[in-house]
Amino acid sequence: MKKIFPHKLIKKNFNQNQFFKLKKYLSSQGIIIKKKSTFKFGIEKFKTLYLTGFSSLLIILVAFVMPLFSDINPRVAKDLKINESNKKFKKVLEGEQLKDKGKLDEGLDLSNILEDVFKFEDIPQDTVRLSASTIEQLFKDTDYSLSEVRKSKKVKPIRLSLLPNEIKQIENSKKRKNLFIQIILPLILEENNLILIDRKRLFSILNKNKNSKKEINWLNTKFKQYGVLNKDIPTLKVRMDIVPVSLAIAQAAKETGWGTSRFALEGNALFGQWTWSGDGIKPAGAESDTKHKVMKFKVLKASVRAYQRNLNTHSSYKNFRQLRAQLRDDSEKLDSLLLADKLDNYAETGKEYTKILKQIIIQNSLKDFDDVKLMPLSIIYKNLI
């Protein structure tokens, strides 16, 4: 039986009597006319409102539930010490003062601090010692001169492994000094660059809320290299920093007589570091019961790294590191003349030693090299130039 709804009928000129007659006729034919209900619980009328409300409720629900299903890494528990340290020492990172600096830079684990230095012993044995004349010609051919470095503030990445034996035969002191500086300058800059890269990575890790396994492993390696006890990050921050170029050159000049000493020529020892174990060179004229020796190295670069690690870790140079950190906090340059005063424990002559260092720096205008950059061999150094 069909159903017809009156609202579909044409309402123009509508006659009620005719409509009832039509309805009666259609009923006799089995067709029932019914009025369609227009009440739909307000759905049609309030459809937009209902959809808007439902969408809003869904968004709120999703926002509430999403954090419960976020990726929670099991390593977070291991990272808590790092992140807690980041919060705890935020003042240090921002250059502010710590309330208690007494426990900063305390203790030293010696077991691994020279592990990467000893790796230089594994290099091939065919290292060639070039003559002084050959080295001078090499520098000339590559336009590498100290006068040009002072102007351009850039150093050619020429790395030599050994000093020339003839350096002690160069009578002209200025020529001998220049050759010595040219040889060791790239080596000092390269080691400083490596430290700066590590220091930049350290700050990047400290500024993160969560650290990866790779970052944690890297930190553990650096804790060992710098002999840091209890994985103390503020101590690592204080120790992981460069030595001003002028100060390093001055100490190398003082300890080797501008490259002419037996320790420098036979053992590549640029900084006269002592050792009580292992291989070394016994000082001439030393008493028979003398136990210490001067450390010797396979290449000059190893000596530079060992020297920087020594200043950055040994308790004798804690005052040096504290002043350096203070200069960093005050956003000042690392002044080699100020820092030299804190190296009175480096030699038995104490304060007299520091006076000599400052004289060498001033008389040879070594501070000119504090802001020079090593031209990169690879892209990793480009951001440091």
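Key figures for this structure:
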quantity: Residue that is at pLDDT 90 or above, among the β-branched types (Val, Ile, Thr) and over 21 Å from Asp370 (Cα atoms), where the choices are Thr127, Thr142; calculated: Thr142
quantity: Subset of region 259-271 [touching a residue at least 40 places away in the same chain (Cβ under 8 Å) and either surrounded by 22 or more Cβ atoms within 10 Å (Cβ to Cβ) or in contact with an Asp or Glu (Cβ under 7 Å, 6 or more places away or on another chain) (or both)]; calculated: Gly259, Ala264, Asn268, Leu270
quantity: Check on Leu196, out of contact with any Phe, Trp or Tyr (no Cβ under 8 Å at 6 or more places or on another chain), touching a residue at least 40 places away in the same chain (Cβ under 8 Å) and either farther than 21 Å from Tyr307 by Cα or not in a loop (DSSP other than H, G, I, E, B) (or both); calculated: yes
quantity: Pick from region 135-156, criterion in a loop (DSSP other than H, G, I, E, B) and charged (D, E, K, R), ranking: farthest from the chain's Cα centre (by Cα); calculated: Asp143
quantity: Residue identified as over 29 Å from Arg159 (Cα atoms), at pLDDT 95 or above and not basic (Lys, Arg) among Val243, Val228; calculated: Val228
quantity: Breaking point among (1) in a helix (DSSP H, G or I); (2) under 23 Å from Pro244 (Cβ atoms); (3) modelled with pLDDT under 95, for Lys168; calculated: (2)
quantity: Members of region 303-318 that are of a type outside the set (Lys, Arg), part of a helix (DSSP H, G or I) and crowded, with 16+ Cβ neighbours inside 10 Å; calculated: Ser303, Val304, Ala306, Tyr307, Gln308, Asn310, Leu311, Asn312, Thr313, Tyr317
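The values are calculated or read from the model by the stated rules, or taken from the named source; none is laboratory data. If you're wondering where the values come from, they're calculated on a predicted model, not measured in any experiment. FYI the Cβ positions are ideal-geometry reconstructions off the backbone, even for glycines, and counts take in every protein chain you see.
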